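Contents: one structure, followed by commentary.
The values are calculated or read from the model by the stated rules, or taken from the named source; none is laboratory data. From a predicted model like this one, the values you see are computed outputs, not experimental measurements. All Cβ positions, even for glycine, are placed from backbone atoms using ideal geometry, and neighbour counts span all protein chains on display.
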Amino acid sequence: MIRSIEEINAKIKAGKVVVATAEEVIGLVADKGVGAAARQVDVVTTGTFGPMCSSGAYFNIGQSTPKIKCGGGKVTFNGVPVYAGWAAADLYLGCTAMPDDDPRNAVYPGLFKYGGAHVIEELISGKKVRLEAKTYGTDCYPRKEYSVELGLADFNSAVLFNPRNAYQLYNVAVNLSQRTIYTYMGVLKPRMGNANYSTAGALSPLLNDPRQRTLGLGTRIFLGGGEGYVVWPGTQHVASPARDERDLPLSPSATLAVMGDLKAMSPRFLRAASLAGYGASLGVGLGIPIPIIDEQVMAHAAVRDQDITMPIIDYSEAYPLGRSGNLGRVSMADLMSGQIEVEGKKVPTGGLASRHRAREVALELKTRISEGRFLLTRPVAPLPGAELAEGLV
């Protein structure tokens, strides 16, 4: 072990910490080697920004007079249905939730879909949303209807809670059919007219620590412009995926469940997205600091776009029917060139994730650590299939 979390935090507090982004350490490792780079840099910051459909927020509302029991009733924010099955005043809004019979969503495939993500963005942008509740009434909660406009400050609590974010690797989507299809991976043109991908590549958090040796439950992260924590393995987390010689997974694998204070977040890093013919999603900015505690951590953190390869999947038939549909593999570097070759055909590429905004996340996290405004945390438990590095257990 080169250094511990405690030693890194002491350097942060003293203003002596050395921080580099995941892009910056690539050149450093190439110039000086893994060992020298690991001794020079204390923390590597990562970042990603893209649509993450398994996202949402829970709220606790201030009670009306007389009181109302939202649980068991029908509740909406700006017409978007909210899950109210918890208790009297606790509500959960999924980012993909959409209103019934709303003229904003009437045209299919439509270029705009208004949903839960848009409500979340409006709230963190300082706007008010209308809560409408209709329920059955009880002796202790006699009110049956409630309508009120609420801003973010009006909620007792507002917490971003995302069951699945930061996929470690994901598919490249193509369409082999004869018609245009509309998917969560964007619009896919017929006869393999385009190929869409969604990853920040060399900046992506879980690709820079592919075996999750430095992160786990309790890891403090950059989330939506504020701070958050890894609270559990994300849904669909694959504990032991097939890997290449660099320890990188060969298919979609690790994911994270994360949460943080919505009131501290910014629309710069938490944005609603409308996917034509599919619906609403939430663009989430997420960054994880990687403590350089040994040389292996540094070697992984210097992953390059050309090292990362993804499976090419046909979304017209193979994906919806649960078949493999694997048309080969392609590197992140090739995808970012704007064109790949699949089965002898040159196919233009497009990214759903923003590399530019992911870079902003990594740089912002670097700044906060360098200025002593963000300390690292020791994980309390590893993610399934992971083994925390020596000094973190």
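With respect to the stated conditions, Y197 fails to be in contact with a Pro (Cβ under 9 Å, 6 or more places away or on another chain) and surrounded by 23 or more Cβ atoms within 10 Å (Cβ to Cβ). Taking the listed residues A333, A353, A381, the one that is within 22 Å of P210 (Cα to Cα) and touching a Leu at 6+ places or on another chain (Cβ under 6 Å) is A381, with no other qualifying. Scanning the stretch 187-195 finds no residues that are closer than 22 Å to S274 by Cβ, in contact with a helix residue (DSSP H, G or I) (Cβ under 6 Å, 6 or more places away or on another chain) and either free of Cβ contacts under 8 Å to residues at least 12 places away in the same chain or not in a strand (DSSP E or B) (or both). In the stretch 329-336 there is no residue that is at pLDDT 95 or above, crowded, with 19+ Cβ neighbours inside 10 Å and among the basic types (K, R). For the stretch 338-372, a tally of residues being touching an Asp or Glu at 6+ places or on another chain (Cβ under 9 Å) and hydroxyl-bearing (S, T, Y) returns 2. From the list A153, A158, the lone residue that is surrounded by 14 or more Cβ atoms within 10 Å (Cβ to Cβ), touching a residue at least 12 places away in the same chain (Cβ under 8 Å) and within 29 Å of G287 (Cβ to Cβ) is A158.
In the stretch 196-217, what residues are out of contact with any Ser or Thr (no Cβ under 7 Å at 6 or more places or on another chain) and in a helix (DSSP H, G or I)? Talk me through it step by step, then tell me what you get.
So in the stretch 196-217, the residues out of contact with any Ser or Thr (no Cβ under 7 Å at 6 or more places or on another chain) come out as 196, 198-199, 201-202, 206-207, 209-217.
Correct list: G201, A202, L206, L207.
For the stretch 110-157, a residue qualifies if it is hydroxyl-bearing (S, T, Y) and farther than 26 Å from Y278 by Cβ, and the qualifying residues are T135, Y136, T138, Y141, Y146, S147, S157. Does at least one position in the stretch 345-362 carry a residue that is free of Cβ contacts under 8 Å to residues at least 40 places away in the same chain and under 21 Å from the mean Cα position of the chain (by Cα)? Yes, because at least one residue in the stretch 345-362 is free of Cβ contacts under 8 Å to residues at least 40 places away in the same chain and under 21 Å from the mean Cα position of the chain (by Cα). Scanning the stretch 16-51 for residues that are of a type outside the set (A, V, I, L, M, F, W, C), farther than 18 Å from E364 by Cβ and surrounded by fewer than 22 Cβ atoms within 10 Å (Cβ to Cβ) yields a count of 8.
State yes or no: is P252 touching a helix residue (DSSP H, G or I) at 6+ places or on another chain (Cβ under 7 Å) and not aliphatic (A, V, I, L, M)?
Working: touching a helix residue (DSSP H, G or I) at 6+ places or on another chain (Cβ under 7 Å): no; not aliphatic (A, V, I, L, M): yes.
No, not satisfied.
The listed residues are E317, E387, and the only one of them that is over 23 Å from the mean Cα position of the chain (by Cα) and of a type in the set (D, E) turns out to be E317.
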